[in-house]
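Where a number appears in this text, it was derived from the coordinates with a stated rule and is not lab data. Remember, predicted model here, so these are calculated numbers, not experimental data. Cβ: placed from backbone, ideal geometry, glycine included. Neighbour counts: every protein chain shown.
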Amino acid sequence: MSSPHVIELTDATFDETVAKSPVLLVDFWAPWCGPCKMIAPVIEEIAAELAGSVTVAKVNVDSAPGVAGAQRITAIPTLFIYKNGVLVERSTGLASKAALLEKLKSA
């Protein structure tokens, strides 16, 4: 992960970050996942463009199995959007930048 605008969440930091972020986009991914690698640049672009208004985070499902299990992640990439600690959107698979921006706008 190379973007200064994207934070890495762990089993220890996930719940606190969800609770304190007004709008949060979470990308559940793994380094061996081809589609995850394809969507990563889009996630980083969104993080840079919306810095200050949306928190963007990634959860490596291999490094944070507790979070992945608790959130019932069965396929990746899976994207969650939280608003004030409440899950408002969940999608699995690739999504376009425009589609993700629209979902964040509606949140």
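What the table below lists for this structure:
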| item | result |
| --- | --- |
| Filter result (under 19 Å from residue 101 (Cβ atoms), of a type in the set (A, V, I, L, M, F, W, C) and assigned to a loop (DSSP other than H, G, I, E, B)) within the range 51-64 | 51, 54 |
| Of residues in the range 76-107 being basic (Lys, Arg) and assigned to a strand (DSSP E or B), the one nearest to residue 55 (Cα to Cα) | 83 |
| For residue 84: the one exception among (1) without any contact (Cβ under 8 Å) to a residue 12 or more places away in the chain; (2) of a type outside the set (Lys, Arg); (3) at positive phi | (1) |
| Leading residue by the ranking (nearest to residue 21 (Cα to Cα)) among those in the range 87-104 that are surrounded by 13 or more Cβ atoms within 10 Å (Cβ to Cβ) and in contact (Cβ under 8 Å) with a residue 40 or more places away in the chain | 104 |
| Within the range 1-50, tally of residues that are of a type in the set (S, T, N, Q) and in a strand (DSSP E or B) | 0 |
| Cβ-Cβ under 8 Å pairs, at least 6 apart or on other chains, the range 33-54 side over 17 Å from residue 23 (Cα atoms), far side in a helix (DSSP H, G or I) | 42/97; 42/100 |
